[in-house]
Amino acid sequence: MNDNLLQEIDRMLRQCRRPLIVSHVRPDGDAVGSLLGLGLTLQESGKEVQMVLEDGVPLSLNHLPGADQIQRAPEEPPDCVVAVDCSDLIRTGTSLKSMGTPDINIDHHPTNENFAVVNLVIESACSTTEILFRMLKDHGWEIPATAAEALLTGLITDTLGFQTPNVTGHALRTAADLVEYGLNISELYRKALVEKSFEALKYWGQGLQTLQRENGLVWVSMDLEARKAAGYPGRDDADLVNQLSSIRGANVRVIFIQQSEEEVKVSWRSQPGFDVSGVAASFGGGGHRTAAGATISGTMEEVQARVLGATRVLINRT
Ligand code: 5GP
Ligand code: MN
């Protein structure tokens with residue numbers, strides 16, 4: 001890690017009294033885990049912390065201690081703004097609109113735009129919570145067990161339970177250190193990654209009926225009708241994209257989740273060697289080499305044609 005940068009961030013965090021911490025829209029385990037991990041640690045040291053997620057906390061992460069303190073918008077003017085796990089400012093939503101440049105940006109996405117005054121972006125980290133834990137621990141912050149639980153959850157979810165190709169010894173040692181706070185890793189794993197609602201499984205069934213394959217590319221479409229038929233309340237894919245990795249020989253997996261008649265959310269997942277972050281970025285999105293996403297204007301048919309076309313080019317080139 002960059003020592004000067006870490007020292008500068010530590011100094012800023014110690015000096016502030018009323019920090020605001022934000023993470024990205026459609027929050028995942030690393031977004032919520034980073035927010036709570038940093039937020040609860042700063043709170044423990046006596047600061048007045050505001051934690052903001054524009055879309056609130058998803059059901060699968062609601063069990064985390066402190067989740068009830070997360071607001072959808074800031075209520076008081078902060079004296080330090082920290083973005084965690086956000087690759088660009090747009091991903092933070094609208095809450096920072098009138099606040100100028102954020103003070104601190106801590107992230108692990110290779111597509112990060114370094115949008116803050118001080119930017120700590122470590123691409124080799126498996127999760128933003130892995131960066132945060134090392135930073136807080138090395139600088140002597142008192143990390144409460146509630147924060148440790150959130151930090152471990154971010155590491156579990158971003159690595160899909162330590163199975164992504166970027167998992168390192170450092171990540172596993174970080175997980176082991178976090179377990180030592182008295183955490184039940186099996187229970188955290190089950191709550192954040194395994195448990196789904198009945199409706200989510202019905203929705204998977206709808207999606208899987210559309211499964212298609214072509215030259216190591218597989219894809220699934222989930223339209224508004226499928227969501228309605230399953231009674232699924234979310235606007236996401238209920239994590240179906242991550243299940244598609246179990247298909248042998250599927251080098252690139254794509255899922256299309258219709259948001260409205262004019263907008264489709266697309267998620268890519270790939271085997272190492274197939275870098276999908278560039279394709280996602282070419283559609284205005286971003287992410288990691290093997291997991292990326294974008295929200296694209298157009299009907300389901302239009303978006304599918306464009307995205308499959310660009311993804312085929314990537315596969316043929318690889
Ligand atoms: P997912 O497909 O599960 O939404 O996201 C996969 C990865 O891509 C995550 O790291 C997520 O942060 C990133 N990602 C998803 N959608 C977008 C987007 O619209 N813009 C950017 N910059 N990153 C995205
Ligand atoms: Mn992350």
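The values are calculated or read from the model by the stated rules, or taken from the named source; none is laboratory data. If you're wondering where the values come from, they're calculated on a predicted model, not measured in any experiment. We place every Cβ from the backbone using ideal geometry, glycine too, and count neighbours over all the protein chains shown. These area figures cover heavy atoms from the full protein model, side chains too; ligands, DNA and RNA do not enter into them. Shrake-Rupley method; radii C 1.70, N 1.55, O 1.52, S 1.80 Å.
General remarks:
- Hey, Leu120 open to solvent by less than 30 Å² (accessible area, probe 1.4 Å), closer than 21 Å to Glu8 by Cα, among the hydrophobic types (A, V, I, L, M, F, W, C) and more than 15 Å from ligand 1 (Cβ to nearest atom) or not: yes
- Identification of strands (runs of 3 or more DSSP E) wholly contained in region 73-154 with 3 or more residues that are out of contact with any Ser or Thr (no Cβ under 9 Å at 6 or more places or on another chain) yields 118-121.
- Which listed residue is open to solvent by less than 10 Å² (accessible area, probe 1.4 Å) and more than 14 Å from ligand 1 (Cβ to nearest atom), from Leu151, Leu172: Leu151
- Selection of region 191-240 for residues being among the aromatic types (Phe, Trp, Tyr) and open to solvent by less than 50 Å² (accessible area, probe 1.4 Å) yields Tyr203, Trp204, Trp219, Tyr232.
- Only one of Val266, Val276 that is within 13 Å of ligand 1 (Cβ to nearest atom), in contact with a strand residue (DSSP E or B) (Cβ under 6 Å, 6 or more places away or on another chain) and under 19 Å from Gln209 (Cα atoms): Val266
- Inter-residue pairs, beta-carbon under 6 Å, first within 15 Å of Gly33 (Cα to Cα) and in region 79-107, second away from ligand 2 (no atom under 16 Å from the Cβ) and in a loop (DSSP other than H, G, I, E, B), 6+ apart: Ala83/Pro102
- Any chance Thr92 is out of contact with any Lys or Arg (no Cβ under 9 Å at 6 or more places or on another chain) and either under 29 Å from Asp275 (Cβ atoms) or open to solvent by 10 Å² or more (accessible area, probe 1.4 Å) (or both): yes
- Qualifying position, being acidic (Asp, Glu), within 16 Å of ligand 2 (Cβ to nearest atom) and open to solvent by 30 Å² or more (accessible area, probe 1.4 Å), among Asp55, Asp79, Asp107: Asp55
- Of residues in region 38-65 being of a type in the set (Gly, Ala, Ser) and touching an Asp or Glu at 6+ places or on another chain (Cβ under 9 Å), the one nearest to Ile21 (Cα to Cα): Ser45
- Among (1) touching a strand residue (DSSP E or B) at 6+ places or on another chain (Cβ under 6 Å); (2) more than 26 Å from Asp88 (Cα to Cα), the one test that Gly287 misses: (2)
- Taking region 123-134 as the range and being open to solvent by 10 Å² or more (accessible area, probe 1.4 Å) and away from ligand 1 (no atom under 16 Å from the Cβ) as the test, only Arg134 passes.
- Here is the figure for region 288-310: residues that are open to solvent by less than 20 Å² (accessible area, probe 1.4 Å) and farther than 14 Å from Val254 by Cα total 1.
- Residue count for region 249-287, restricted to those that are surrounded by 20 or more Cβ atoms within 10 Å (Cβ to Cβ), within 13 Å of Met222 (Cβ to Cβ) and among the polar types (S, T, N, Q): 2
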